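Below: one structure, written as structure tokens.
The values are calculated or read from the model by the stated rules, or taken from the named source; none is laboratory data. Just so it is clear, the model here is predicted, and its values are computed rather than measured. Backbone-built Cβ (ideal geometry, glycine too); neighbour counts: all protein chains shown.
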Amino acid sequence: MSSEKATAKPTSEYAVACRDLRHAFGGAVAVDGVDLAVAEGEIFGLLGPNGAGKTTTIRLITTLLPARPGMVEVFGLDAARHQMAVRRSIGYLPQQLSADAALTGRENVELFARLFDVPRSERRERVGEVLSAVGLENAAERRAQTYSGGMIRRLELAQALVSTPRLLILDEPTIGLDPVARDGVWERIQEVRRTTGMTVLVTTHHMDEADLHCNRIALMHRGRIRALGTPSELKSGLESGATLEEVFRAYTGDQLDEPADGFRDARRTRRTASRLG
Amino acid sequence: MAALCVVELQKIRHDRTELYTRAIQPALWLLIFGETFSRIQAIPTGQVPYLDYLAPGILAQSALFIAIFYGIQIIWERDAGVLVTPTPRTALVTGKAFAAGVRALAQAVAILVLSILLGVTLTLNPLRWLGVVVIVMLGTAFFACLSMTIAGLAMSRDRLMGIGQAITMPLFFGSNALYPVALMPDWLRVVSHVNPLSYEVDALRHLLIGIPGNLPLDFAVLVLATAAGIITASSVLGRLVR
């Protein structure tokens with residue numbers, strides 16, 4: 001603990017700062033010493049194959065999993081000590097379904113507005129704003145079960161945005177979507193960032209998406225960050241159109257073998273995907 | 001907290017199918033079990049017709065059935081972003097618990113209408129009806145907390161379903177919903193005395209039918225049980241995301 005303090009730098013200029021972040025589920029180490037600094041206003045991509053530890057890292061940052069003091073700071077606030085303040089500053093788009101199919105689009109966003117204590121006087125306007133920001137103003141009165149996959153993801157984006165967060169955390173925002181819907185989601189993310197300047201931390205396993213949309217990328221594998229830089233830095237020396245696997249091998253020389261938790265992982269991603277049918 | 005109750009009302013408004021299908025079982029209890037046992041007069045309920053005696057019991061039972069599987073929602077929502085909001089866990093649990101109560105009340109209307117159609121004489125006193133609302137909300141909230149606690153411990157939908165199935169009938173039969181405590185063997189009496197469902201039924205019977213009961217005790221037991229349930233459920237909720 002004291003040695004961590006000795007190496008601690010002032011982090012106020014960072015939206016997210018992780019120092020020696022670790023987490024294990026029982027004996028299985030999911031995150032194994034991650035150092036990460038996301039600057040305010042950038043789009044930062046966390047890339048890696050299934051089971052790399054991306055989601056666990058995000059859960060530690062969002063306070064869903066308990067981090068030890070000194071491990072995670074969000075806008076200079078320690079996530080272990082200021083849980084509620086950290087949550088208030090974050091909009092989170094989980095990998096799993098977070099919209100309620102039985103409610104209309106507007107009702108879904110209203111629920112999150114209430115849970116984030118958006119004042120009653122601003123609520124209606126704010127909900128309308130984010131719904132049009134994600135292009136759902138015409139579908140707002142329809143129940144979410146009638147939405148397409150891309151629409152559901154955009155609705156969930158609206159839920160994450162309704163509290164006007166300073167940091168938007170997106171866990172696999174385009175999972176299970178076709179290329180057109182993927183572009184649609186990214187267009188909205190880019191537009192929101194342009195207009196608000198909020199920081200975006202995104203996980204994906206699509207190299208092409210990260211290449212196109214992220215300012216900086218961290219490649220994660222087996223709980224550790226193996227490479228970090230701008231997309232062009234990471235790809236320099238590689239052929240254009242390099243896949244994530246190729247980039248990985250180039251940087252780590254590591255085999256991308258199947259993680260031990262494959263079944264659980266498959267079930268989770270399939271469940272997410274099946275809701276789109 | 002209120003937000004989650006509002007959501008429940010919105011859901012009921014959008015889709016009433018569940019309301020109808022869930023009304024079938026209590027209807028069968030009243031129509032078949034109730035009518036048959038009225039006829040053979042197997043259960044001594046004094047001056048009160050057996051169907052009148054049974055109706056509040058079935059009301060409490062249907063609320064129990066709604067509540068006991070409510071934890072499934074929490075399992076579905078474990079990573080749904082709700083837990084990352086600055087709303088404290090206790091407020092989320094309380095909201096969910098009383099949202100279950102809202103759903104149970106919608107169900108209660110159906111059961112009470114059916115009871116009236118079957119000739120059960122219910123109270124006309126509006127204050128007593130208000131009491132019924134409070135008791136149904138509290139009783140359902142407690143069992144919803146129990147369900148959420150089980151969800152937090154069982155961690156999976158299938159296991160929660162199994163445990164839920166396993167405990168609903170013992171809770172139901174181990175209460176005064178179908179028969180007076182006086183008829184029970186001693187060991188079952190003990191079960192009935194620690195079973196919050198018995199206190200819920202006792203209060204409902206007193207309020208709806210006018211059978212003498214111990215309303216302050218019933219109310220106190222349900223309030224304390226619900227408070228304990230909220231605290232327990234909130235403390236295990238965090239386990240779900242791990």
### Message
With in contact with a Phe, Trp or Tyr (Cβ under 9 Å, 6 or more places away or on another chain), assigned to a helix (DSSP H, G or I) and small (Gly, Ala, Ser) as the only criterion, which of B:23, B:67 stands out?
### Response
B:67
### Summary
Counting only residues that are in contact (Cβ under 8 Å) with a residue 60 or more places away in the chain and crowded, with 16+ Cβ neighbours inside 10 Å, region B:176-194 contains a total of 4
### Message
Suppose we filter A:252, A:243, A:269, A:195 for residues that are hydroxyl-bearing (Ser, Thr, Tyr) and at pLDDT 75 or above; which single one remains?
### Response
A:195
### Message
Considering only region B:182-205, I want to know if a residue exists there that is charged (D, E, K, R) and under 18 Å from residue B:26 (Cβ atoms).
### Response
yes
### Query
In region B:1-41, which residue that is free of Cβ contacts under 8 Å to residues at least 24 places away in the same chain and within 11 Å of another protein chain (Cβ to nearest Cβ) is surrounded by the fewest Cβ atoms within 10 Å (Cβ to Cβ)?
B:17
### Selection status of residue B:131, out of contact with any strand residue (DSSP E or B) (no Cβ under 9 Å at 6 or more places or on another chain) and under 20 Å from residue B:170 (Cα atoms)
no
### Query
Which of the residues that make up region A:18-47 are at positive phi and away from chain B (no Cβ under 14 Å)?
A:20, A:33, A:41
### Summary
Of those in region B:86-123 that are of a type in the set (A, V, I, L, M, F, W, C) and without any contact (Cβ under 8 Å) to a residue 40 or more places away in the chain, the residue surrounded by the most Cβ atoms within 10 Å (Cβ to Cβ) is B:105
### Task
Return only the number of the condition from (1) out of contact with any helix residue (DSSP H, G or I) (no Cβ under 8 Å at 6 or more places or on another chain); (2) in a helix (DSSP H, G or I); (3) aliphatic (A, V, I, L, M) that residue B:124 does not satisfy.
(2)
### Query
Quick one: is residue A:83 free of Cβ contacts under 8 Å to residues at least 60 places away in the same chain and either crowded, with 22+ Cβ neighbours inside 10 Å or at the interface with chain B (Cβ under 10 Å from one of its Cβ atoms) (or both)?
yes
### Task
Scan region B:209-225 for residues that are within 18 Å of residue B:101 (Cα to Cα) and surrounded by 15 or more Cβ atoms within 10 Å (Cβ to Cβ) and report the count.
5
### Task
Among the residues of region A:57-80, write down those that are in contact (Cβ under 8 Å) with a residue 60 or more places away in the chain and either of a type in the set (Phe, Trp, Tyr) or within 11 Å of chain B (Cβ to nearest Cβ) (or both).
A:58, A:61, A:62, A:75
#### Entry: Test: residue A:115 is surrounded by 18 or more Cβ atoms within 10 Å (Cβ to Cβ) and more than 13 Å from chain B (Cβ to nearest Cβ)
no
### Task
Could you please tell me which pairs satisfy a Cβ distance under 6 Å, a separation of 6+ or placement on different chains, a first residue in region A:218-229 that is surrounded by fewer than 19 Cβ atoms within 10 Å (Cβ to Cβ), and a second residue that is of a type in the set (Gly, Ala, Ser)?
A:228/A:218
### Task
Give just the number: which of (1) touching a strand residue (DSSP E or B) at 6+ places or on another chain (Cβ under 6 Å); (2) crowded, with 22+ Cβ neighbours inside 10 Å; (3) within 14 Å of chain B (Cβ to nearest Cβ) does residue A:95 not satisfy?
(2)
### Message
Restricting to region A:98-110, name every residue that is at the interface with another protein chain (Cβ under 7 Å from one of its Cβ atoms) and either closer than 13 Å to residue A:173 by Cα or among the small types (Gly, Ala, Ser) (or both).
### Response
A:98, A:102
### Task
Give the residue, chosen from A:118, A:109, A:86, that is of a type in the set (A, V, I, L, M), under 29 Å from residue A:188 (Cα atoms) and within 16 Å of the chain's Cα centre (by Cα).
A:86
